[in-house]
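Enquirer: Sharing a structure below in structure tokens format, with a few things to ask.
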Amino acid sequence: MSFNTFGRVFRFTTWGESHGPAIGCVVDGVPPRLPLAEADIQAFLDRRKPGTSRFVTQRREPDEVRILSGVFEGQTTGTPISLMIENVDARSKDYGDIKDKYRPGHADYTYDQKYGIRDYRGSGRASARETASRVAAGAVARKVLGAGVRIRGALIQIGEHAIDRTRWDWDEIDRNPFFCPDPQAAGKWEGYLDEVRKAGSSIGAVIEVVAEGVPAGWGAPIYGKLDADLAAAMMSINAVKGVEIGAGMASARLRGEQNADEMRMDGGKVRFGSNHAGGILGGISSGQEVVVRFAVKPTSSIPNPRRSITSSGEETDVVTKGRHDPCVGIRAVPVGEAMMACVLADQLLLHRAQVG
């Protein structure tokens, strides 16, 4: 399989399958002499790991990371950093009944058509389990970016139920199991997701990721656009079906004078009156907050019967057993943050390479 590597200067390659012995990544292009320890990475993995509440999969994985290379005496050496996370709670027997069946909405059919073989145990390489490796790489990327760049994500909609943005409070993110900035919305989501889960179904979500402290100048025109890289990064996350930057799709409803982010000088610095552009103009960061949103579809693996076919072309019904997220978008929040960090770290190093 090709295309397992993301990035240009700061780049990472993920490896492993959902029910294999381990997953991990190799991160390359990291500058030397940056402080890095397993605890720096573990803090972010703990936010993504399964089994943290009744609203996510109950697979019990500690997601403990090991640094195998690229760090000496607590500092990066400039050589590839290899990271490994063992799989300790895989239940491959849960998938025995569907080894010859294609789950609707999943990658079973397309993987089989492309490669002529697929790992049916927890979807193998197509599993969202792979995103733990991305979160580990994102933790390294944050070290490259430094403390001046702050990246935070939030779940802003589950199904048809969106937050009230007037109640947005970043401090609420760590006080509920949804990474939700609106405490009232989080309270309503609990009952709603319980209903979805008990009905044997699943639901989609929308995540917003914001990066503060990004200076003006990162990115490049035409084919190296910061927003193009961010769109590709978010679309590469499992189950993501839509991405928007800034006002995104809503900008189609605005007039030119509404959409334009007016500028003034304030204390010798440029100040913008709004941020419909999401902090990116012409593919280059403007110095404002970089804002990305992405939509995650409902989890395809559900216990409710769905009509499908087998690998031999016979019609059948598919019932997926095992442990799955009723809303996979919840755990996508730290994954979106990680991909934002990786893109920004890559663009930072590209910027330095060109302009110093």
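The values are calculated or read from the model by the stated rules, or taken from the named source; none is laboratory data. Computed from a prediction, not measured in an experiment: that's the story for all the values here. Because the Cβ atoms are built from the backbone with ideal geometry, glycine has one as well, and the counts that use them run over all protein chains shown. Just so you know, the surface numbers come from the protein's heavy atoms only, side chains and all, with ligands and any DNA or RNA stripped out. Shrake-Rupley method; radii C 1.70, N 1.55, O 1.52, S 1.80 Å.
Enquirer: Once Rh for the stretch 224-356 is found with the Kirkwood sum over Cα pairs, what is the Stokes-Einstein diffusion coefficient at 25 °C and 0.890 mPa s, in µm²/s?
Expert: The Stokes-Einstein estimate is 137 µm²/s.
Enquirer: Please give every one of the lysines within straight-line cross-link reach of Lys143, meaning a C-alpha to C-alpha distance under 22 Å, and leave out same-chain neighbours fewer than 8 residues apart.
Expert: Within the straight-line cut-off, Lys143 pairs with Lys49.
Enquirer: Give the Cα extents of the stretch 115-167 along the principal axes, in whole Å, largest first.
Expert: Dimensions of the stretch 115-167 along the principal axes of its Cα atoms: 50, 38, 15 Å.
Enquirer: Something else now. Over the residues of the stretch 81-217, compute the C-alpha Rg and express it relative to 2.2 N^0.38 Å.
Expert: The reported ratio for this selection is 1.34.
Enquirer: Under a cut-off of 20 Å between alpha-carbon atoms, report the lysines in cross-link reach of Lys198, not counting same-chain residues fewer than 8 places apart.
Expert: Lys198 reaches Lys188, Lys297, Lys321.
Enquirer: Given a 10 angstrom Cα cut-off, can you work out which residue in Gln157, Gln42, Gln75 is the most mobile in a GNM of the chain?
Expert: Largest GNM mean-square fluctuation: Gln75.
Enquirer: A follow-up question, please. For Asp112, what charge total do you get from the other residues with a beta carbon under 14 Å from its beta carbon, if Lys and Arg give +1 and Asp and Glu give -1?
Expert: Overall, the nearby charge balance is +3.
Enquirer: Hand me the GluC sites (Glu not before Pro) from the stretch 301-352 located in a DSSP loop with no more than 14 other Cβ atoms within 10 Å, in residue order please.
Expert: Counting only loop positions with at most 14 other Cβ atoms within 10 Å, the GluC sites (Glu not before Pro) in the stretch 301-352 are Glu314.
Enquirer: Determine the share of the chain's accessible area contributed by carbon and sulfur atoms, expressed in whole percent, with a 1.4 angstrom probe.
Expert: The C+S portion of the solvent-accessible surface of the chain is 50 percent.
Enquirer: At 1.4 Å probe size, with every protein chain present, just tell me what the per residue accessible area of the chain comes to in Å².
Expert: Heavy-atom SASA per residue in the chain reads 48 Å².
Enquirer: Then there is this: Find, to one decimal place in angstroms, the Kirkwood hydrodynamic radius of the chain, where the mean of 1/r is taken over every pair of different Cα atoms and then inverted.
Expert: 21.4 Å
Enquirer: Related question: Among all helices in the chain defined by DSSP H, which have a length of 15 Å or more along the axis from Cα atoms plus a Kyte-Doolittle mean of at least 0.0?
Expert: 131-145, 332-355
Enquirer: Using a 1.4 angstrom probe on the protein heavy atoms only, line up Thr310, Thr77 by accessible area, largest first.
Expert: My answer, sorted largest first, is Thr77, Thr310.
Enquirer: What ranking, highest mean first, results for peptides 97-103, 193-199 when packing means the other Cβ atoms within 10 Å averaged over each residue?
Expert: By packing density, highest mean first, the sequence is 97-103, 193-199.
Enquirer: Follow-up question, since we're still on this one. Determine, at each q value in 0.30 (inverse angstroms), the log₁₀ of I(q)/I(0) that the Debye formula gives when each Cα of the stretch 273-331 is one equal point scatterer.
Expert: So the normalised log intensities are -1.12.
Enquirer: Using Cα centres only, tell me the gap between the stretch 112-157 and the stretch 180-202 in whole Å.
Expert: 24 Å
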